[in-house]
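Comments concern the structure below.
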Amino acid sequence: MSATVLIVEDEPAIQELVAVNLEHAGFRTRRAASAEEALRLLAHSLPDVVLLDWMLPGQSGLALARRLRAEARTRDLPILFLTARADEPDRIAGLEAGADDYVVKPFSGRELVARIRSVLRRRKPHQGTEPVEIAGLRLDPAAHRVTGHGQPLALGPTEFRLLRFLMTHPNRVYSRKQLLDEVWGDHVFIEERTVDVHIRRLRQALAPSGHDALIETVRGSGYVLRPEPQVAEARPRSE
């Protein structure tokens, strides 16, 4: 069955151009001209991918992305930004809001199709469903659940895949390029800086149980997960 793409774009001409290109490539499309309309469509059924314009009337695309990532039902939806905002701070803001990729206007139809297919490919989980545990940090692929010393930890879908790869390949240093290739699947369209963004978000997610200390930055080389004999117990919450 072909994948469904929800196009959230308020410019009719661009919305039509995107839809024609995607449908020609075999995708099914649904369309929304605002974040509010997109939420109504999402409440009815979920697409396989959300293609999201940054500048929308009313609620911005950035705010919508954050909302989708915050809600359990839509947390794992692949999101691609489609926007004219090409500066690095905007790209980083989009990634930190939970986007899987960032397509800059003007774009070619072939590139857009390739990026969507790339996101769908790298969303496929690695093989194997057995839980893995290191120093009290437990990742259960089947339940899509991570706990630290028994405490549930909230990870986004990309951070989950990144942690799973690092936990199943401990003590090996991986460059940003290697992580893009292994975790994202097809690194042709993804910038290496993406890895830094998600490593930071992964550390933040692991911090409540003290397991952020397992993720080590190797200057000039990349990142490694080093199992430690002692990891601090869950940090007490501030009053």
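The values are calculated or read from the model by the stated rules, or taken from the named source; none is laboratory data. If you're wondering where the values come from, they're calculated on a predicted model, not measured in any experiment. Virtual Cβ from ideal backbone geometry, glycine too; neighbours counted across all protein chains shown.
Listed by first and then second residue, the pairs linking a residue in region 147-162 that is at pLDDT 95 or above to a residue that is of a type in the set (S, T, N, Q) and not in a helix (DSSP H, G or I), with Cβ atoms under 9 Å apart and 6 or more places separating them unless they lie on different chains, are L153/T147. Flag: A207 matches the condition of being small (G, A, S) and under 29 Å from E88 (Cα atoms).
When region 201-223 is filtered for residues that are modelled with pLDDT of 95 or more and loosely packed, with under 14 Cβ neighbours inside 10 Å, only Q204 remains. Among the residues of region 18-37, is any outside any loop (DSSP other than H, G, I, E, B) and closer than 17 Å to T158 by Cβ? No, region 18-37 contains no residue that is outside any loop (DSSP other than H, G, I, E, B) and closer than 17 Å to T158 by Cβ.
One line per residue, one yes/no per condition, for (1) surrounded by fewer than 22 Cβ atoms within 10 Å (Cβ to Cβ); (2) touching a Ser or Thr at 6+ places or on another chain (Cβ under 7 Å); (3) closer than 25 Å to L22 by Cα; (4) free of Cβ contacts under 8 Å to residues at least 12 places away in the same chain:
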site	(1), (2), (3), (4)
L52	no, no, yes, no
L56	no, yes, yes, no
L62	no, no, yes, no
T74	yes, no, yes, no
R91	yes, no, yes, no
A97	yes, no, yes, no
